[in-house]
Amino acid sequence: MTSQDAPSDSQKEPIDSSQASRIYLLPNLFTAGNLFCGFMAIMKCIQARYNVILDAPDESPAQLYTEAVLFILGGMLCDSLDGRVARLGGRESLFGKEFDSIVDMVSFGLAPALMVLFLILNPEESLFFKNIGLFLSFIYLLCAGVRLARFNVITHPLIYPANIDRSNSDFIGLPVPAAAGMIATLVLVISKHDLQRWAVALPFLMLFISYLMVSPIRYPSFKNVDWNTKVRLRTFILMLALGAAVYMYRQYALVLAFLGYLFYGVVRHLLMIQRIRRKSQSK
């Protein structure tokens with residue numbers, strides 16, 4: 001942030017304690033639902049890894065990991081709804097934003113880290129391999145926390161006052177829910193098709209995702225999508241057909257969707273750097 005972007009002394013007004021502690025019911029109910037999904041995802045991972053079956057003795061580890069993935073995806077749904085409901089109803093609050101970040105750390109930080117750790121950490125492997133898995137899982141968790149903290153800082157009303165142009169609503173760095181969704185859907189495919197030998201690549205993919213979360217690469221937020229936009233009949237039919245294909249092949253479609261989102265930001269960032277270099281060379 002430059003000195004021109006920094007808020008003036010008149011903008012640095014103390015926050016009213018009543019505003020800071022204001023709790024709106026509906027948005028925070030969705031946030032609490034996200035927390036429940038994250039907690040259940042962690043429980044399912046523990047049950048799958050240590051054979052602690054509390055409610056369904058006939059479930060296999062693959063089924064439990066699948067349920068954990070579904071809970072993470074359910075948390076993503078709740079996370080997308082809490083902010084949208086708050087913005088539509090004019091019910092945004094500092095409490096809600098901080099509560100949402102803490103919950104995201106559980107559902108999209110700790111749960112995916114444990115999922116990958118338990119999936120690749122086998123007693124037969126060497127101690128070195130176990131330590132590598134522990135280290136990479138912690139790096140993911142650390143980067144998720146840094147990503148969420150950075151988001152809260154740059155969107156704080158005292159740091160980012162209302163009179164600054166916010167037309168560019170892109171996220172800076174890969175959003176934590178998208179990172180968790182990428183990992184969770186890959187685990188879903190590995191568990192469903194018994195591709196355990198490919199699970200060893202997950203920690204290294206997690207390391208790449210960790211870098212993307214704290215990188216300056218921008219990703220679209222879809223916050224300004226106008227759902228009332230008019231479309232042509234052919235476009236509408238094509239979207240319905242695409243939705244049907246996604247439902248029929250939902251396991252692979254979700255992985256491809258998250259991979260596409262992940263690499264879209266990377267490719268766009270590289271093209272932007274190349275364009276800037278061309279402009280500087282032409283001068």
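The values are calculated or read from the model by the stated rules, or taken from the named source; none is laboratory data. Worth saying up front: this structure is predicted, and the values here are computed from it rather than measured. Using ideal geometry, Cβ is built from the backbone for each residue, glycine included, and neighbour counts are taken over all protein chains shown.
Looking at segment 1-54 only, could you name the residues that are part of a loop (DSSP other than H, G, I, E, B) and either among the acidic types (D, E) or at pLDDT 55 or above (or both)?
D5, D9, E13, D16, S21, R22, I23, Y24, N51, V52, I53, L54
For the condition closer than 28 Å to I172 by Cα and not polar (S, T, N, Q), what is the one hit in M248, M272?
M272 is the lone residue from the list that is closer than 28 Å to I172 by Cα and not polar (S, T, N, Q).
Answer with yes or no whether L77 is modelled with pLDDT of 60 or more, in a helix (DSSP H, G or I) and surrounded by fewer than 18 Cβ atoms within 10 Å (Cβ to Cβ). Explain how you work it out, then say what you get.
On the way: modelled with pLDDT of 60 or more: yes; in a helix (DSSP H, G or I): yes; surrounded by fewer than 18 Cβ atoms within 10 Å (Cβ to Cβ): yes.
Yes; evaluated as a whole, the condition is true for this residue.
Which one of these is at pLDDT 70 or above, closer than 23 Å to F263 by Cα and in a loop (DSSP other than H, G, I, E, B): S210, S221? Before you say what the answer is, go through the steps one by one.
Numbers: S210 fails: in a loop (DSSP other than H, G, I, E, B).
The conditions single out S221.
Return yes when L202 is of a type outside the set (S, T, Y), buried (at least 17 other Cβ atoms within 10 Å of the Cβ) and modelled with pLDDT under 80 and no when it is not.
Details: of a type outside the set (S, T, Y): yes; buried (at least 17 other Cβ atoms within 10 Å of the Cβ): yes; modelled with pLDDT under 80: yes.
When the stated conditions are applied, L202 passes them.
Looking at segment 96-131, which of the residues that are part of a helix (DSSP H, G or I) and surrounded by fewer than 16 Cβ atoms within 10 Å (Cβ to Cβ) is modelled with the lowest pLDDT?
So, considering only residues that are part of a helix (DSSP H, G or I) and surrounded by fewer than 16 Cβ atoms within 10 Å (Cβ to Cβ), the one modelled with the lowest pLDDT is F128.
If W227 meets every condition in (1) at pLDDT below 80; (2) surrounded by 12 or more Cβ atoms within 10 Å (Cβ to Cβ); (3) more than 21 Å from the chain's Cα centre (by Cα) apart from one, which number is that one?
Condition not satisfied by W227: (2).
For S167, state whether it is farther than 30 Å from Q251 by Cα, modelled with pLDDT under 85 and crowded, with 16+ Cβ neighbours inside 10 Å.
Values: farther than 30 Å from Q251 by Cα: yes; modelled with pLDDT under 85: yes; crowded, with 16+ Cβ neighbours inside 10 Å: no.
Here the answer is no, as S167 does not meet what is asked.
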